[in-house]
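Structure, as structure tokens:
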Amino acid sequence: MHAPSGHPVWNPTSRGLEARLENGLLALAFLAPGMVRVRFTPGSDFVLPRPWDPARPDEDFESPSLSFNPQGESLEVQADPMRVRLDLGRGTLAFSDLEGRRFADDLGGFRVVEVAAGTEGLASEHVEGLPPGRARRLVLLDKAMHPEEGYHGFGQRSQGLERRGNRFTHWNQDAAWGHNRSDDNLYQSHPVFLAVRPGFAWGLWLRSTWWSRFDVGRTRPGVLELATLGGELDYVLFHGPDPAGVVEKLTRLTGRPMLPPLWSLGYHQSRWSYRTAREVEDLVGRFRSRSIPLDAVHLDIDYMRGYRCFTWDPERFPDPAGTLDRLRAQGVRAVTIVDPGIKHEPAAGYPVADEMLARGLFCRARQGQPFQGFCWPDAALFPDFAREEVRRWWGQQHRSLLEAGVAGIWQDMNEPSVFARPFSEGEAGQMRVPLDLMHGDADAPAPHAEVHNAYGLLMCRATRQGLERLRPDERPWTLTRSAGTGVQTLSCTWMGDNTSWWEHLQMSLPQLASMGLSGVPHAGVDIGGFIGNCTAELLVRWTQAGVFYPFMRNHSAWDTVPQEPWAFGPETEALVREAIALRYRLLPYLLTLAHRAHRTGEPILRPMLYDFPDQEELRHLDDQFMFGPALLVAPVVWQGHRHRLVHLPPGEWLDFWDGTRHQGPLAMAVAAPLERIPLFVRAGAVLTLGNERLSTDDPLTELTLEVFPGDVASEWTWIEEGGLSLVHGPEDLAETRVSIHPGTFLEVKVHPRSGGWLPHPRTLRVRLHCPERPARVLVDQQGCEWTWNDRYAEVGWLDEGRARVVRCC
Ligand code: GLC
């Protein structure tokens, strides 16, 4: 190792360096341009890769070209576009880019503390029972906060978009009902954030599943403190330079979002519980007789026999396959809930428990005996998802559900939520899972303290891989309550038990936008609210906002007033129906957004700051958002409001409903009667709208390109496919580019469709939104039949995927 001034030494490595600091070992590894991994341990070796780490191995990335420039006590390493200066004496790192922008500077060296209850504010529940050794070693690091930076992301949180002045713990829990801004951790842990300032954005992911915490200038203004148990600080920095660049790099490392099946993007109806097959069939019948679109019904815990996972109650669901067949015939799929708490019931005719016990598949206490807690079925065992053998077995258990025709799996209570007392005896309370519970294979055991935050994620992996094996030709779809970074590759998620409060409708917007920034685009919240009683107006406004949730499900608890679309009478029903119908019309656009998310991590629902990071006034807005790059959504999230303030970013915007043009930046009050969701389209955009359908099973017989020309040329590529089977490559896709050329004549070119997938025969309509009626409209330079309706000229043809040029003269 080199020794610039005697004591600390450093060595170059193929992707960075290793340095021996006074209090430990530091490694820098440049993974890709703008992505650097930093590790520090007070010991002499780094931890070996953990099986639950979602990140691609370092070796997957090409070795960068590096240059080293030692200068006395410090050393500068450059791997374009980043420059890192290591002060070997102080053990600090300073980061900048080729344009001289500094970010994420260390304010001091790494600190290491042996914890006891109360150390650094750690509650006793996170300390008591921690095994000795590295589990008890807390590593901390301070970073400078730029005065103009906003801090965003942080996964699943209950605050607004901007988080300066807060402190965030990462420890999954079955959060108490009534989430509010003073809550810290909820069901999921995503130790990831974006720092955004005018002209620049960077991000950080803390690679730890142990208890960890970000203090974002709360304890010490201007100081962002990272802290984790486990004896090693391992983080990755992402140089944006804009928010999209950060999310792209984050998901390049931790996995691109899965591609959901098309049906899962439709409307889902749920309740705890539709208790009998008859009730479920009646429910679907009501949707159909009222012509309300519906793609999925969720079956909550009461479909099971005494809350035994992978069983059906023989009386209430005597013929599950028959019931689900009848739903399918109406274009509706069933999603069943599965919890990790398996009834602890040896030799009583419940093979899942018998096999779990016989093969030792459970989480075990220190002496190896099964850990028993309580859940819905009272005494319960918990599968040890950290073992490959257990994950395989778990996946296989889904066979009976799939054979009955179940389409998707809803994974719940997987924080894990463990009750302190039997549920059957009333108030069950929560039990703290001992931190020294053992997980993993015998040759690489890990304490619960390390696996806790990965438990839900590992369950998702087990379930998804099971579905992939059992139904290899179909795209799996699962939903999960608990999760962590990487869940985007495995499952869709929802934000847990919210309440039928306007505040929770309001909270859903920054919550889902933050999930998107954290690399998890497929997320939703319970529309109408889970706990408490929804009202007519709340249901209308919530469903309207829900049109733009990547996952759209109405769900409520057993003791609440019904909140199905018709529950509040015909006027409410009509408005709710209209909102759901709009979702279905938007599905072709949404499917394209899902593909874009799958390719680059691009969030579907995102805060204004994602597309307009330099607009000071938009950065903190969390009551309006973008749905993809084209659509600005400003839902009404306050009771009684019939107007709302909308902030339009710079550029031209068109009112989606009446085509009025507005020049941004502009803040304006817009009318929002109960039937209206304020929506604005960015000039230059193309929206692809489908015909109204009751289910995604119904064919798309019409596709309308809503073209909103701007002042300059623009283009959009829409992506289609069958929506159910696996997509291996272009042979399974259809992609069509549309380009808009404004000028003396407005010209719209629909380029030839590429890819091997063939859509259902359909009419393609092109609607050109222009201020005045054109004199003529030509298709491929020929006169054609066209119409004018005050806002747009429309032409249509049978879509054969051929190139066409539409010109307005
Ligand atoms: C949990 C879930 C909720 C579900 C209930 C019963 O509270 O979060 O969605 O309905 O359990 O399974």
task = Quickly run through region 170-185 and pick out the residues that are surrounded by fewer than 22 Cβ atoms within 10 Å (Cβ to Cβ) and farther than 20 Å from Ala454 by Cα.
result = Ala176, Trp177, Gly178, Asn180, Arg181, Ser182, Asp183
Failed condition for Ser491, given (1) within 17 Å of Met258 (Cα to Cα); (2) within 14 Å of the ligand (Cβ to nearest atom) = (2)
note = Those residues of region 531-554 that are more than 20 Å from Leu590 (Cβ to Cβ), within 16 Å of the ligand (Cβ to nearest atom) and open to solvent by less than 10 Å² (accessible area, probe 1.4 Å) come to a total of 1
ask   = Can you tell which of Gln188, Gln159 is within 16 Å of the ligand (Cβ to nearest atom) and either closer than 27 Å to Glu450 by Cβ or open to solvent by 10 Å² or more (accessible area, probe 1.4 Å) (or both)?
value = Gln188
key: Positions within region 347-372 being crowded, with 21+ Cβ neighbours inside 10 Å and in a strand (DSSP E or B), in sequence order   = Phe362
task = Could you tell me which numbered condition Leu539 fails, if it satisfies all but one of (1) closer than 30 Å to Arg56 by Cβ; (2) assigned to a helix (DSSP H, G or I)?
result = (1)
task = Scan region 759-794 for residues that are in a loop (DSSP other than H, G, I, E, B), open to solvent by less than 80 Å² (accessible area, probe 1.4 Å) and of a type in the set (D, E, K, R) and jot them down.
result = Arg762, Asp780, Arg791
request  = Only one of these is open to solvent by less than 30 Å² (accessible area, probe 1.4 Å) and either outside any strand (DSSP E or B) or modelled with pLDDT of 95 or more (or both): Leu694, Leu687. Name it.
outcome  = Leu687
inquiry  = Restricting to region 668-682, and then to whatever is open to solvent by 10 Å² or more (accessible area, probe 1.4 Å) and under 28 Å from the mean Cα position of the chain (by Cα), can you tell me which residue is nearest to Pro629 (Cα to Cα)?
reply    = Arg682
message = Just to be sure I understand, how many residues within region 361-394 are of a type in the set (A, V, I, L, M) and within 16 Å of the ligand (Cβ to nearest atom)?
response = 1
query = Since Gly466 meets every condition but one in (1) of a type in the set (Gly, Ala, Ser); (2) more than 23 Å from Val297 (Cβ to Cβ); (3) in contact with a helix residue (DSSP H, G or I) (Cβ under 8 Å, 6 or more places away or on another chain), which condition does it not meet?
reply = (2)
Number of positions in region 135-148 that are in contact with a Lys or Arg (Cβ under 6 Å, 6 or more places away or on another chain) and open to solvent by 10 Å² or more (accessible area, probe 1.4 Å) = 2
message = If a residue counts only when it is in contact with a Pro (Cβ under 6 Å, 6 or more places away or on another chain) and touching a residue at least 40 places away in the same chain (Cβ under 8 Å), which helices (runs of 4 or more DSSP H) contained entirely in region 377-465 have at least 1 such residues?
response = 388-397
note = Filtering region 591-609 down to residues that are over 15 Å from the mean Cα position of the chain (by Cα) and closer than 19 Å to Leu679 by Cβ yields Leu591, Thr592, Met608
message = Given the condition part of a loop (DSSP other than H, G, I, E, B) and aliphatic (A, V, I, L, M), answer yes or no: does some residue in region 55-73 qualify?
response = yes
remark   = Only unsatisfied item for Leu206, checking (1) in contact (Cβ under 8 Å) with a residue 40 or more places away in the chain; (2) under 21 Å from the mean Cα position of the chain (by Cα), is (1)
note = The correct count of residues that are assigned to a loop (DSSP other than H, G, I, E, B), within 23 Å of Gly546 (Cβ to Cβ) and more than 16 Å from the ligand (Cβ to nearest atom) in region 274-295 is 6
ask   = Got a sec? Which of Glu578, Glu564 is within 16 Å of the ligand (Cβ to nearest atom), open to solvent by 10 Å² or more (accessible area, probe 1.4 Å), closer than 15 Å to Tyr267 by Cα and at pLDDT 95 or above?
value = Glu564
query = Among the residues of region 259-273 satisfying the criterion of being within 16 Å of the ligand (Cβ to nearest atom) and assigned to a loop (DSSP other than H, G, I, E, B), which is modelled with the lowest pLDDT?
reply = Ser273
Failed item, numbered, when Arg167 is tested on (1) open to solvent by 50 Å² or more (accessible area, probe 1.4 Å); (2) in contact with a strand residue (DSSP E or B) (Cβ under 8 Å, 6 or more places away or on another chain); (3) of a type outside the set (Asp, Glu); (4) in a loop (DSSP other than H, G, I, E, B) = (4)
inquiry  = Please go through region 93-120 and give me each residue that is farther than 30 Å from Phe200 by Cβ and either in contact with a strand residue (DSSP E or B) (Cβ under 8 Å, 6 or more places away or on another chain) or among the β-branched types (Val, Ile, Thr) (or both), ordered by number.
reply    = Val112, Val113, Glu114, Val115, Thr119, Glu120
key: Complete set of residues in region 407-450 that are closer than 17 Å to Ser124 by Cβ and within 15 Å of the ligand (Cβ to nearest atom)   = Gln430
Conditions (1) within 16 Å of the ligand (Cβ to nearest atom); (2) out of contact with any Phe, Trp or Tyr (no Cβ under 7 Å at 6 or more places or on another chain); (3) not in a loop (DSSP other than H, G, I, E, B): number failed by His298 = (2)
Among the candidates Arg308, Arg328, residue that is away from the ligand (no atom under 16 Å from the Cβ) and under 30 Å from Pro260 (Cα atoms) = Arg328
message = Just the residues that are touching a Gly at 6+ places or on another chain (Cβ under 8 Å), part of a helix (DSSP H, G or I) and either open to solvent by less than 10 Å² (accessible area, probe 1.4 Å) or modelled with pLDDT under 95 (or both), please, taken from region 592-612.
response = Thr592, Leu593, Leu609
remark   = By residue number, the members of region 701-715 that are open to solvent by 30 Å² or more (accessible area, probe 1.4 Å) and either closer than 27 Å to Trp542 by Cα or assigned to a loop (DSSP other than H, G, I, E, B) (or both) are Thr701, Asp711, Val712, Ala713
key: Among the residues listed as Asp622, Asp559, the single one being part of a loop (DSSP other than H, G, I, E, B), open to solvent by 10 Å² or more (accessible area, probe 1.4 Å) and out of contact with any strand residue (DSSP E or B) (no Cβ under 8 Å at 6 or more places or on another chain)   = Asp559
query = Within region 650-662, is even one residue assigned to a loop (DSSP other than H, G, I, E, B) and under 24 Å from the mean Cα position of the chain (by Cα)?
reply = no
note = Residues of region 402-435 being of a type in the set (D, E, K, R) and open to solvent by 60 Å² or more (accessible area, probe 1.4 Å), in sequence order, are Glu403, Arg421, Glu425, Glu427, Arg432
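The values are calculated or read from the model by the stated rules, or taken from the named source; none is laboratory data. Here the structure is a predicted model, which means the values were calculated and not measured. Don't worry about glycine lacking a Cβ; one is built from the backbone with ideal geometry, like all the others, and counts go over all protein chains shown. Ligands, DNA and RNA are stripped out before the accessible areas are found, and what is left, the full protein with its side chains, is counted by its heavy atoms. Shrake-Rupley method; radii C 1.70, N 1.55, O 1.52, S 1.80 Å.
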